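Have a look at the structure below before the remarks.
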Amino acid sequence: MESNFHRSVDFCGTCHDVSNPGVGNLAHNFGAQAPFLATEQVIADGSITEDPKDYTNKAAFNNQPYRYGIVERTFSEYKAGLISQTLVSDYPDLPADLQGGALKADYTAALTAGTNGDYEDGTPRFFSCQTCHLRNALPVPDTQYNGGPGQTYDYFDTFALQPPLGAATATIDLLYQPTSYEYQLFLLKANRGANPFLAEEGANMFEAWLNTGMAFPYVMASATWRDPGLPACTAGIPELAPAAPGDAQIDLT
Ligand code: HEC
Ligand code: HEC
């Protein structure tokens, strides 16, 4: 599946620089690194006091997120490093001590596109979040579901049913189960009511579930099966015999 959006590192970057506003306000150095504070300042009250509730002096409302409360700087670190500027196709020219591990795995995987390490459409491919973290989600073994070079995977599964010994016919339903009793029970019981706004939601969900058929399984598809070894059924189709009001007897012909 191709998606220019999902293959962009900027997509991962929208989330993978993380600052924590609580840490940013309360932690040592406001969760910033000392060299940063040598030239920069974090504006924060450093106070845990909630009385009166006043957030105007907290870190999150006075600084850009990159300044405080470091949880992770994965994206910035990636951008600052040389790996983000290295083409996968340049792998064979990397110094010997860099040839191996994740980079080798990336290069080997990228070669399967048949474009020397670039994307299949020819766009140059740099070592990215995706080359290391996202791979083809091939089944194991990859020959399952009609898989293999040049093949198209089946979007369905095939499996043998085991009817009880002596069974002659069967109706086979494919069911969709929207939610389970166990999940509803979990929502009901796991909610201890600590948050007053959400305290009743488990009970409300459970009541809604009870009153809407308890998420009765939905039949998505149905098929019938008949033991092919059995002789064909020869019985005629039954007919309704007519009867007039007052008749005590009807003739079956
Ligand atoms: C919309 C926000 C968002 C985007 C976009 C995003 N992530 Fe994440 N990612 C998260 C969150 C939140 C978690 C933590 C999930 C959890 O702990 O349950 C996470 C977890 C991860 C983890 C596992 C971290 C761990 O501690 O196990 C990896 C690896 C990862 N993301 C890589 C990526 C890559 C690569 C991309 C881009 C293709 C990406 N993420 C895009 C929000 C995002
Ligand atoms: C060269 C390969 C490579 C690249 C490029 C790369 N990562 Fe990673 N990443 C790794 C490896 C390997 C680990 C595990 C490190 C460890 O466990 O010590 C990791 C760890 C992580 C974690 C934490 C996972 C955890 O379990 O704590 C996150 C989140 C993450 N990467 C996201 C990203 C994002 C987002 C990008 C792009 C901005 C990126 N990575 C680029 C290889 C890579």
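The values are calculated or read from the model by the stated rules, or taken from the named source; none is laboratory data. If you're wondering where the values come from, they're calculated on a predicted model, not measured in any experiment. Cβ sites come from the backbone with ideal geometry, for glycine too, and all protein chains shown count toward neighbours.
Residues being near ligand 1 (Cβ under 10 Å from one of its atoms), within 30 Å of residue 120 (Cβ to Cβ), assigned to a helix (DSSP H, G or I) and among the small types (Gly, Ala, Ser) are entirely absent from region 3-12. Number of residues in region 154-167 that are surrounded by 11 or more Cβ atoms within 10 Å (Cβ to Cβ) and either modelled with pLDDT of 90 or more or among the small types (Gly, Ala, Ser) (or both): the value is 2. If you go through region 58-78 and keep only what is more than 15 Å from ligand 1 (Cβ to nearest atom) and outside any helix (DSSP H, G or I), you end up with 58, 62, 63, 64, 68, 69, 70.
So for region 79-87 (the condition being modelled with pLDDT of 95 or more, surrounded by 13 or more Cβ atoms within 10 Å (Cβ to Cβ) and away from ligand 1 (no atom under 15 Å from the Cβ)), does at least one residue qualify? Within region 79-87, one or more residues are modelled with pLDDT of 95 or more, surrounded by 13 or more Cβ atoms within 10 Å (Cβ to Cβ) and away from ligand 1 (no atom under 15 Å from the Cβ). Among the residues of region 126-149, those identified as among the hydroxyl-bearing types (Ser, Thr, Tyr) and within 12 Å of ligand 1 (Cβ to nearest atom) are 128, 131.
In region 51-69, how many are basic (Lys, Arg) and either surrounded by 18 or more Cβ atoms within 10 Å (Cβ to Cβ) or under 15 Å from residue 37 (Cα atoms) (or both)?
Counting residues in region 51-69 that are basic (Lys, Arg) and either surrounded by 18 or more Cβ atoms within 10 Å (Cβ to Cβ) or under 15 Å from residue 37 (Cα atoms) (or both) gives 2.
The test for being modelled with pLDDT under 90 and exposed (fewer than 11 other Cβ atoms within 10 Å of the Cβ) holds for residue 194. Screening 39, 14 for residues that are of a type in the set (Val, Ile, Thr), closer than 30 Å to residue 137 by Cβ and without any contact (Cβ under 8 Å) to a residue 24 or more places away in the chain leaves exactly one candidate, 14.
Any residue that is within 16 Å of ligand 1 (Cβ to nearest atom) and either at pLDDT 95 or above or under 23 Å from residue 132 (Cβ atoms) (or both) - is there at least one of those in region 88-98? Don't jump to the end; show me each part of the working.
The initial filter retains those residues of region 88-98 that are within 16 Å of ligand 1 (Cβ to nearest atom), namely 88.
Keeping just the survivors that are either at pLDDT 95 or above or under 23 Å from residue 132 (Cβ atoms) (or both) gives 88.
Among the residues of region 88-98, at least one is within 16 Å of ligand 1 (Cβ to nearest atom) and either at pLDDT 95 or above or under 23 Å from residue 132 (Cβ atoms) (or both), which makes the answer yes.
Taking interchain pairs and intrachain pairs at least six residues apart, which have beta carbon atoms under 6 angstrom, with the first residue in region 146-173 and in contact (Cβ under 8 Å) with a residue 24 or more places away in the chain and the second loosely packed, with under 11 Cβ neighbours inside 10 Å? Final answer for the pair search is 168/230; 171/224; 172/223; 173/219; 173/222.
Residue-by-condition table, conditions (1) more than 9 Å from ligand 2 (Cβ to nearest atom); (2) in contact with a Ser or Thr (Cβ under 6 Å, 6 or more places away or on another chain); (3) without any contact (Cβ under 8 Å) to a residue 24 or more places away in the chain:
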{"residue": "84", "(1), (2), (3)": "no, no, no"}
{"residue": "96", "(1), (2), (3)": "yes, no, yes"}
{"residue": "135", "(1), (2), (3)": "yes, no, no"}
{"residue": "143", "(1), (2), (3)": "yes, no, yes"}
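Of the residues that make up region 14-30, is at least one within 16 Å of ligand 2 (Cβ to nearest atom), over 30 Å from residue 107 (Cβ atoms) and part of a helix (DSSP H, G or I)? Checked against the condition, which is being within 16 Å of ligand 2 (Cβ to nearest atom), over 30 Å from residue 107 (Cβ atoms) and part of a helix (DSSP H, G or I), region 14-30 yields no hits at all.
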